[in-house]
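The values are calculated or read from the model by the stated rules, or taken from the named source; none is laboratory data. Quantities reported herein were computed from a predicted structural model and do not represent experimental measurements. Heads up, the Cβs are rebuilt from the backbone with ideal geometry, glycines too, and the neighbour counts pull from every protein chain shown. What goes into the accessible areas is simple: the full protein's heavy atoms, side chains included, and nothing from ligands, DNA or RNA. Shrake-Rupley method; radii C 1.70, N 1.55, O 1.52, S 1.80 Å.
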Amino acid sequence: MKVRIINSSLGPDECIQFAQTILINDEIAIDAGTLGLITPLRTQQDIEHVFLSHSHLDHVATLPLFLDNVYKPSDDCPTVYGTSETLASLHTDFFNDRVWPDLFRLSEEETPFLRQQKLSSQEPIKIENLSITPVLLNHVVPTMGFIIQEATTTLAIISDTLPTVQVWKLLNEVQNLSALFLECSFPNRMQWLADKAGHLTPQRFQSELAKLNHFNIPVYAIHVKATYHEEVIRELQELKIRELHISPPNLEITI
């Protein structure tokens, strides 16, 4: 399984990330924070499936650009997956003819810009040799983590959540967990804000990992708030977690 984090900053030496898109096998995107900014354009045109964890801007911001960039007057178009709440937010807040043309309406009247498919927690989506299982997390809006499985490999992406339970129970049942992406947004001194905003701090990051029965797998910290990047990274490194990696922009791994 090929995994790539899409860079969201323009500076060549920047290590911080402002928004989130993770590509799987070059044709599946998890979130659309930076999706519509990828070059070369052919890379966007190869993406057929977009899974949205939730409706917050850093996860959906460039979806309109992406759909515009890849549109061709034919029946071939991307499928966008989200909870009923996320899809409703796209209808109301984005594709409303004020912020952006209503691509949902145009997809019914013309050749489609997109197809939409509702996600339900713990109901897998099959795409070729992959199974993608959304799992409800604990955020301020309905938010999904994703368990992505091939025949011998499993990847988990857990972003934007407070402490949660079900996703760890499911991962503990997996025999071939190969890598985990887990959010860590704020430093420990800002626990009060992390609790209100629905995010983890390094101390909560550690306590969430303690729920996992798999050991010695790579754990990639993602979704670190830019302003507190150095502080969060320092606190994570002080935890001495085995196989912890600070996920840089443009990370590419094969698992």
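Considering (1) part of a helix (DSSP H, G or I); (2) in contact (Cβ under 8 Å) with a residue 40 or more places away in the chain; (3) not aromatic (Phe, Trp, Tyr), the lone condition that residue 17 does not fulfil carries the number (1). Residues that are of a type in the set (A, V, I, L, M, F, W, C) and modelled with pLDDT of 95 or more, at least 2 per element: which helices (runs of 4 or more DSSP H) completely within the stretch 24-73 meet that? Helices (runs of 4 or more DSSP H) meeting the threshold: 57-60, 63-70. Pairing residues of the stretch 173-184 that are under 10 Å from residue 153 (Cα atoms) and part of a strand (DSSP E or B) with residues that are of a type outside the set (Val, Ile, Thr) and open to solvent by 10 Å² or more (accessible area, probe 1.4 Å), at Cβ distances under 6 Å and at least 6 apart in sequence or on separate chains, gives 177/214; 179/218.
Can you find even one residue in the stretch 226-244 that is at pLDDT 95 or above, loosely packed, with under 13 Cβ neighbours inside 10 Å and more than 25 Å from residue 15 (Cβ to Cβ)? No: zero hits. Only one entry in 21, 43 is open to solvent by less than 60 Å² (accessible area, probe 1.4 Å) and over 29 Å from residue 232 (Cβ atoms), namely 43. The lone criterion from (1) touching a strand residue (DSSP E or B) at 6+ places or on another chain (Cβ under 8 Å); (2) of a type in the set (Gly, Ala, Ser); (3) part of a helix (DSSP H, G or I) left unmet by residue 221 is number (3). Residues considered: 158, 148, 253. Of these, the only one that is touching a Phe, Trp or Tyr at 6+ places or on another chain (Cβ under 8 Å) and closer than 18 Å to residue 21 by Cα is 158.
Based on what the data block shows, is residue 155 open to solvent by less than 10 Å² (accessible area, probe 1.4 Å) and closer than 21 Å to residue 125 by Cα? Considered against the rule, which asks whether it is open to solvent by less than 10 Å² (accessible area, probe 1.4 Å) and closer than 21 Å to residue 125 by Cα, residue 155 comes out as yes.
Might you let me know whether the stretch 55-72 holds any residue that is over 24 Å from residue 180 (Cα atoms), of a type in the set (A, V, I, L, M, F, W, C) and open to solvent by 60 Å² or more (accessible area, probe 1.4 Å)? Yes, some residue in the stretch 55-72 is over 24 Å from residue 180 (Cα atoms), of a type in the set (A, V, I, L, M, F, W, C) and open to solvent by 60 Å² or more (accessible area, probe 1.4 Å). Per the listing 251, 209, 244, the residue uniquely closer than 17 Å to residue 137 by Cβ, out of contact with any helix residue (DSSP H, G or I) (no Cβ under 6 Å at 6 or more places or on another chain) and touching a residue at least 12 places away in the same chain (Cβ under 8 Å) is 209. Screening residue 164 against (1) farther than 18 Å from residue 219 by Cβ; (2) part of a loop (DSSP other than H, G, I, E, B) leaves a single unmet condition, (1). Applying the criterion of being open to solvent by 30 Å² or more (accessible area, probe 1.4 Å) and among the aliphatic types (A, V, I, L, M) to the residues of the stretch 166-196, the residue that is nearest to residue 236 (Cα to Cα) is 193.
A single entry from 212, 200 fulfils the requirement of being within 26 Å of residue 84 (Cβ to Cβ), in a loop (DSSP other than H, G, I, E, B) and of a type in the set (A, V, I, L, M, F, W, C): 200.
Selection of the stretch 74-98 for residues being in a helix (DSSP H, G or I), open to solvent by 10 Å² or more (accessible area, probe 1.4 Å) and among the β-branched types (Val, Ile, Thr) yields only 92.
Before we move on, is residue 209 surrounded by 14 or more Cβ atoms within 10 Å (Cβ to Cβ), at pLDDT 95 or above, more than 17 Å from residue 19 (Cβ to Cβ) and over 21 Å from the mean Cα position of the chain (by Cα)? No: the conditions fail for residue 209.
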